[in-house]
């Protein structure tokens, strides 16, 4: 089923590992997801068809065993349509991405939602030209954080709950800056008529240097 959310994970460490996957709907937290594990944890990647309530988004989690060097494909069955943050933790290094989809009059489109890096105090972003653009900010820490979003309409103070996330609809084809982002993660999602795309905000590369612009 191409419309089913699917998580792909690959462990790049020295051996196998066991990963915990937390599925966090908008308004919930990581702690709530970890406190509500699915009835049976997955013993292998092929067993990870854990089902969440189909009508109302609920924070939940499950665990799965990953073999070293093998890609695990984990369909996330039974979740209600909505906005989710997915947090994956393991003792070994991992790479991965989540496939999501939307359906419109012209058919179904899907996008791979790749992980966002830990940001510094400030970040800037240019939004794409789309019918709907949403900025998602996730807080992996325990304490609430306050972020200042500056855009065409001025400044806005956003409270990002500890272990949770906040979603803000922003204007397309616009420039925004973020302050107070140290250690937080963020991404943009753009939607159209049956179309979807995602772009994570990434910190500067380790060897990046300032660029001087003469005007």
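FYI, it's all coordinate maths here, none of it is from the lab. All figures in this text were calculated on a predicted structure; none of them were measured in a lab. Here the Cβ positions follow ideal geometry from the backbone for every residue, glycine too, while neighbour counts run over all protein chains shown.
Couple of notes before you dig in:
- Here the spin labels are modelled as points 7 Å beyond Cα on the Cα-Cβ line, and at residue 179 and residue 73 they lie 4.7 nm apart.
- Residue among 11, 199, 108 with the largest mean-square fluctuation in a Gaussian network model of the chain, springs linking Cα atoms under 10 Å: 108
- Long-range Cα-Cα pairs in region 122-200 (distance over 14 Å), rounded percent: 59 percent
- The label-point distance for residue 83 and residue 193, in a model that sets each label 7 Å from Cα toward Cβ, rounds to 2.5 nm.
- Rg/Rh (Cα only; Kirkwood hydrodynamic radius) as it applies to region 55-107: 1.01
- Range of Cα positions in the chain per principal axis (Å), largest first: 59, 44, 30
- Centre separation in Å (Cα based) which lies between region 152-176 and region 123-149: 5 Å
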